[in-house]
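Following: one structure in structure tokens, then a few remarks.
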Amino acid sequence: MLASRCNVAILREAPVPYPAGHREKVRKKIIDSARRLFNRWGFENISIGQIMADAGLTHGGFYSYFGSKSDL
């Protein structure tokens, strides 16, 4: 019983925030990846998924930084 109460307490803790500057570092990784891929293959030939994979990030995370590939 004690173990289950401890697990519930862990779930209720506030998430640990990212360190200062994290968002800007991730945004720069996306931009650097896009620049490299666009220069090599062209804007029309590269997808958001390819940009994010090259940056080591998930596809869905792109939209918290940019509204579209054109916005990038």
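The values are calculated or read from the model by the stated rules, or taken from the named source; none is laboratory data. From a predicted model like this one, the values you see are computed outputs, not experimental measurements. Every residue, glycine as well, gets a Cβ built from its backbone with ideal geometry; the counts of neighbours run over all protein chains shown. These area figures cover heavy atoms from the full protein model, side chains too; ligands, DNA and RNA do not enter into them. Shrake-Rupley method; radii C 1.70, N 1.55, O 1.52, S 1.80 Å.
Largest accessible area first, the residues Phe62, Phe43 order themselves as Phe43, Phe62 under a 1.4 Å probe with ligands, DNA and RNA left out. Which shape class applies to segment 9-60: rounded if a/c is under 1.5, otherwise prolate when a/b exceeds b/c and oblate if not, where a ≥ b ≥ c are the square roots of the Cα gyration tensor eigenvalues? Prolate is the answer for segment 9-60, as a/c is 1.5 or above and a/b outweighs b/c. Local charge for Arg36 was computed over the other residues whose Cβ lies under 13 Å away, with Lys and Arg +1 and Asp and Glu -1, and equals +2. Bridgeable aspartates and glutamates around Lys29 (alpha carbons under 13 Å apart, same-chain partners fewer than 8 residues away excluded): Asp54.
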